[in-house]
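J.: Structure provided below as structure tokens; questions to follow.
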Amino acid sequence: EIKRLKEKIEELEFVKDFQQDIIADMELITGVDMSKKSLPKTLADEIQKKKTDRLKENG
């Protein structure tokens, strides 16, 4: 049971990360900070970090 739950956690973390990547890309493309208005602060902060990291990578 614990193994199954750990696998589910990994799966959900992957999905969350993927969704955050999409949101970060959309915010960079559109210039609209959607996450700050509609998501909990912790998630919005994670997305902001992804955007910052992407901007550093792309110069």
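The values are calculated or read from the model by the stated rules, or taken from the named source; none is laboratory data. Worth saying up front: this structure is predicted, and the values here are computed from it rather than measured. Cβ placement follows ideal geometry from the backbone for every residue including glycine, while neighbour counts extend to all protein chains displayed. In case anyone asks, the SASA skips ligands and DNA or RNA and just uses the protein heavy atoms, side chains included. Shrake-Rupley method; radii C 1.70, N 1.55, O 1.52, S 1.80 Å.
J.: Restricted to the range 30-50, and to residues that are closer than 16 Å to Lys16 by Cβ and charged (D, E, K, R), which residue is most open to solvent (accessible area, probe 1.4 Å)?
T.: Filtering the range 30-50 for residues that are closer than 16 Å to Lys16 by Cβ and charged (D, E, K, R), the one most open to solvent (accessible area, probe 1.4 Å) comes out as Lys41.
J.: If you don't mind, another one. Test Asp21 against the criterion of being in a helix (DSSP H, G or I) and in contact (Cβ under 8 Å) with a residue 24 or more places away in the chain, and give yes or no.
T.: Yes: the conditions hold for Asp21.
J.: Hey, among Glu11, Glu27, which residue is free of Cβ contacts under 8 Å to residues at least 24 places away in the same chain and either in contact with an Asp or Glu (Cβ under 8 Å, 6 or more places away or on another chain) or open to solvent by 70 Å² or more (accessible area, probe 1.4 Å) (or both)?
T.: Glu11
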